[in-house]
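Take a look at the structure below.
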Amino acid sequence: MEGVDHLTHERSKAQFDVEEMKIVWAGSRHAFEVTDRISRLVASDPAFRKDNRTILPRKELFKNTLRKAAHAWKRIIELRLTEEEATKLRFFVDEINFTELHWVMFVPAIKGQGTDEQQRKWLPLAYKMEIIGCYAQTELGHGSNVQGLETTATFDPQTDEFVINSPTLTSSKWWPGGLGKVSTHGIVFARLITDGRDYGIHGFIVQLRSLDDHLPLPGITVGDIGNKFGSGAYNTMDNGLLRFDNVRIPRDQMLMRFSQVTREGKYVRSSVPRQLVYGTMVYVRQTIVADASCALARAVCIATRYSAVRRQFGSQNGGVETQVIDYKTQQNRLFPLLASAYAFRFVGEWLKLLYTDVSERLQAKDFSTLPEAHACTAGLKSLTTSATADGIEECRKLCGGHGYLSCSGLPELFAVYIPTCTYEGDNVVLLLQVARFLMKTVSQLPSGEKPVGTTAYLGRVEDLMQCRSTSQKAEDWINPSVVLEVFEARAARLSIACAQNLSKFANRDEGFSELAADLVEAAVAHCQLIVISKFIEKLRQDIPGKGVKEQLQILCYVYALNLLHKHLGDFVSTGCITPEQASLANDQLRSLYSQVRPSAVALVDAFNFTDHFLGSILGRYDGNVYPKLYEEAWKDPLNESIVPDGYHEYIRPLLKQQLRNARF
């Protein structure tokens, strides 16, 4: 069976041009070519082997990660890769490490919050990796509440220095990636105190370790916070703890683009608008949304391929058993996740364009679109990461017992991914921020101010509060206007209901606290509407390739109608649809599953993942699962000896009834 492609027949069923779908998934032909070339470059390099990652002890695992990170940087230099190519290479190495925070947080923070002079000084060092940086914001006692951070930076006018201090145990920096063992510098967030006054949270560039021997500098206590969830997984990263004992830094190491402290200790706000600081936040969150689609796609690829390979039950007279993917219960759980991966991909593309537009506007001091961009990135970060984390776990269960094996790739993928639900903003807290944006938008409606962008539908709120779905047959539910209208009506009605209930409270903050669960539901409805509307917008574009657009249309309606089914209570209770219309939508959804089925394997092939990147025996491209599972089992260290260590001490005395004489 070696070398046989067990999925050839599945691929022959594809009802679309797979190569064109690969380009659609990548975003453009150029992006596809770069991604394809770099992913194969990584897969062919034995230095990036990762199949033994889950069995390595932590210290060996971490050292191995350092080796890979150094080799990746060496290859980037040797091949003279562009920034785009270098980013792709680090991505396909697929090993969370200190370079993540250096490039995604440390460098952008200096670019976004440093003065021109500070950028000239620090960025060349960071770009060459002559210094390695981290982003030290979260503390032992505070994560989401940044304004509650306790680390202090007190200005000393006698020496023209800031004194960085950790006044309490809970002020210890806790969680920053790359901090524990590697970073030489950090962007440290602390309460700025000068002339006896607290000016709130500001960023400072602080050297943490010597560039000669890597030892912590005087007054600095730094280390790793310990083992985390899962084998391998995020344990390749040195998430750290950090305490300061009156550490002095020059005044010019405060990030001073938006505010400065003068030589005399006077706090001065810059003429540069402070809203620009949100640009970095918007950038990071839009990359998280893009990554969500890829992580979910990996899990779905594994589950789909294995569901086509695996056979259980249904045999007649000793015949061939039924492919698991043919069971409607499997399709009902798997195909909405497949559709979600595509939906998140396209909304991620749109977010990238939104970020580019907002950045250009910010540079021109136009802040009109910033509140919406902030709400979109916050809400979609929450929506996509929560759905992806749940989706990866569902894919593990869809693979049956074998999904629990490390070599399935799913346990480690889950363990690596789930921190996204809390980093860069706890997902529930982010949804409450979206809800505040929605409530503000609703409050401005009576003034005649028309909402724009993703909230434009609220400008038709009177119609949406009255409309009822006109669907009369199942086929009506693959009409984009029918689908959009009910999702707009649901989102509008939930927001209006929250606004009306809030108005009953004399104290608005008390109302927000009391109605938090309802506000979160309204925010989720708004964000789901965004995803669906952007998927439909994608379908309105000119998409080349035989059957590609038709296949995407099927996935779009699978995504939308599955959400309608999951949140049926919202749609019926708010009067958007009747129970009868809900039943018709469900009929159409089942029909769509049947249309997805022939192309399912080809649809995950379009992700264009190498076997190296997938890291899963169950998700192998050739489908040769069972011989490889058997082969993999014998690689485990426990199988290095026939008789296990401990036999003579513990097993033999038990078998020989000699426990009384045994010494433990």
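The values are calculated or read from the model by the stated rules, or taken from the named source; none is laboratory data. All values reported here derive from a predicted model rather than from experimental measurement. Don't worry about glycine lacking a Cβ; one is built from the backbone with ideal geometry, like all the others, and counts go over all protein chains shown. We work out accessible area using only protein heavy atoms, side chains counted, and drop any ligands, DNA or RNA first. Shrake-Rupley method; radii C 1.70, N 1.55, O 1.52, S 1.80 Å.
When PHE16, PHE106 are checked against the criterion of being more than 30 Å from HIS202 (Cβ to Cβ), open to solvent by less than 20 Å² (accessible area, probe 1.4 Å) and of a type in the set (Phe, Trp, Tyr), a single residue qualifies: PHE16.
For segment 32-44, the candidate set comprises residues that are open to solvent by 20 Å² or more (accessible area, probe 1.4 Å) and not polar (S, T, N, Q); within that set, the residue that is nearest to LEU614 (Cα to Cα) is ALA43. Pick from segment 152-191 the residues that are touching a Gly at 6+ places or on another chain (Cβ under 6 Å) and open to solvent by 20 Å² or more (accessible area, probe 1.4 Å): which of them is nearest to GLY141 (Cα to Cα)? Restricting to residues being touching a Gly at 6+ places or on another chain (Cβ under 6 Å) and open to solvent by 20 Å² or more (accessible area, probe 1.4 Å), the top hit is THR170. Each residue in segment 48-78 was checked for being of a type in the set (A, V, I, L, M), touching a residue at least 24 places away in the same chain (Cβ under 8 Å) and open to solvent by less than 70 Å² (accessible area, probe 1.4 Å), and 5 pass. If you go through segment 141-155 and keep only what is touching an Asp or Glu at 6+ places or on another chain (Cβ under 9 Å) and of a type outside the set (Gly, Ala, Ser), you end up with HIS142, LEU149, GLU150, THR151, THR152, PHE155. For segment 320-331, the tally of residues that are open to solvent by less than 80 Å² (accessible area, probe 1.4 Å) and either of a type in the set (A, V, I, L, M) or in a helix (DSSP H, G or I) (or both) stands at 5.
Quick check on my filter: what residues within segment 492-506 are farther than 20 Å from ASP463 by Cα and either open to solvent by 80 Å² or more (accessible area, probe 1.4 Å) or in contact with a Lys or Arg (Cβ under 9 Å, 6 or more places away or on another chain) (or both)? Within segment 492-506, LEU502, SER503, LYS504, ALA506 qualify. For segment 513-522, taking the residues that are out of contact with any Ser or Thr (no Cβ under 8 Å at 6 or more places or on another chain) and either among the small types (Gly, Ala, Ser) or at pLDDT below 95 (or both), the one that is least open to solvent (accessible area, probe 1.4 Å) is identified as ALA516. Candidates are the residues of segment 332-344 that are among the small types (Gly, Ala, Ser) and open to solvent by less than 10 Å² (accessible area, probe 1.4 Å); the one that is farthest from ILE554 (Cα to Cα) is ALA341. For beta carbons closer than 8 Å, sequence separation of 6+ or different chains, a first residue in segment 86-101 that is among the acidic types (Asp, Glu) and a second that is in a loop (DSSP other than H, G, I, E, B), the qualifying pairs are ASP94/LYS50; ASP94/GLY615; GLU95/LYS50; GLU100/GLY177; GLU100/GLY178; GLU100/MET237. Residue count for segment 73-101 under the criterion of being of a type in the set (A, V, I, L, M, F, W, C), in contact with a helix residue (DSSP H, G or I) (Cβ under 7 Å, 6 or more places away or on another chain), over 21 Å from ALA136 (Cα atoms) and part of a loop (DSSP other than H, G, I, E, B): the result is 1.
Just one of the numbered conditions (1) over 21 Å from ALA308 (Cβ atoms); (2) under 28 Å from the mean Cα position of the chain (by Cα) is not true of THR574: (2). Screening the candidates GLU349, GLU393, GLU372 for the property of being free of Cβ contacts under 8 Å to residues at least 40 places away in the same chain and open to solvent by 20 Å² or more (accessible area, probe 1.4 Å) yields one hit, GLU393. When PRO419 is tested against the conditions (1) surrounded by 15 or more Cβ atoms within 10 Å (Cβ to Cβ); (2) over 30 Å from VAL93 (Cα atoms); (3) modelled with pLDDT under 95, the lone failure is (2). Looking across segment 102-147, the residues that are of a type outside the set (A, V, I, L, M), assigned to a strand (DSSP E or B) and closer than 24 Å to ALA70 by Cα come down to GLY133, CYS134, TYR135.
Just checking, which of ALA70, ALA14 is part of a loop (DSSP other than H, G, I, E, B), over 21 Å from ALA290 (Cα atoms) and of a type in the set (A, V, I, L, M, F, W, C)? Criteria check complete, one pass: ALA14. The one condition from (1) open to solvent by less than 10 Å² (accessible area, probe 1.4 Å); (2) touching a Ser or Thr at 6+ places or on another chain (Cβ under 6 Å) that CYS527 does not meet is (2).
What do you reckon, is GLY409 at positive phi, modelled with pLDDT of 95 or more and not charged (D, E, K, R)? So GLY409 passes the test.
Screening GLY425 with (1) assigned to a loop (DSSP other than H, G, I, E, B); (2) surrounded by fewer than 23 Cβ atoms within 10 Å (Cβ to Cβ) gives one miss only, at (2).
Among the residues of segment 439-459, those identified as surrounded by 14 or more Cβ atoms within 10 Å (Cβ to Cβ), under 29 Å from the mean Cα position of the chain (by Cα) and among the β-branched types (Val, Ile, Thr) are THR441, THR454, THR455. ARG540 meets all of the listed conditions (1) without any contact (Cβ under 8 Å) to a residue 12 or more places away in the chain; (2) open to solvent by 20 Å² or more (accessible area, probe 1.4 Å); (3) more than 30 Å from SER28 (Cβ to Cβ) but one, namely (3). Any residue that is more than 21 Å from TYR423 (Cβ to Cβ), touching a strand residue (DSSP E or B) at 6+ places or on another chain (Cβ under 6 Å) and touching a residue at least 40 places away in the same chain (Cβ under 8 Å) - is there at least one of those in segment 168-183? Scanning segment 168-183 turns up no residue that is more than 21 Å from TYR423 (Cβ to Cβ), touching a strand residue (DSSP E or B) at 6+ places or on another chain (Cβ under 6 Å) and touching a residue at least 40 places away in the same chain (Cβ under 8 Å).
Within segment 27-35, the presence of a residue that is closer than 19 Å to ARG620 by Cβ and either modelled with pLDDT of 95 or more or among the aliphatic types (A, V, I, L, M) (or both) is excluded. Listed here are the strands (runs of 3 or more DSSP E) enclosed by segment 192-271 that have at least 3 residues being open to solvent by 40 Å² or more (accessible area, probe 1.4 Å) and over 22 Å from GLY133 (Cβ atoms): 197-207. For segment 112-138, taking the residues that are buried (at least 21 other Cβ atoms within 10 Å of the Cβ) and touching a strand residue (DSSP E or B) at 6+ places or on another chain (Cβ under 6 Å), the one that is modelled with the lowest pLDDT is identified as GLN113.
May I ask you to say which residue of ALA364, ALA378 is among the aliphatic types (A, V, I, L, M) and either without any contact (Cβ under 8 Å) to a residue 24 or more places away in the chain or open to solvent by 50 Å² or more (accessible area, probe 1.4 Å) (or both)? Within the list ALA364, ALA378, the selection yields ALA364. The residue pairs whose first member lies in segment 236-262 and is closer than 30 Å to ASN52 by Cβ, whose second member is basic (Lys, Arg), and whose beta carbons are closer than 6 Å, counting only pairs six or more residues apart or on different chains, are ASP238/LYS181.
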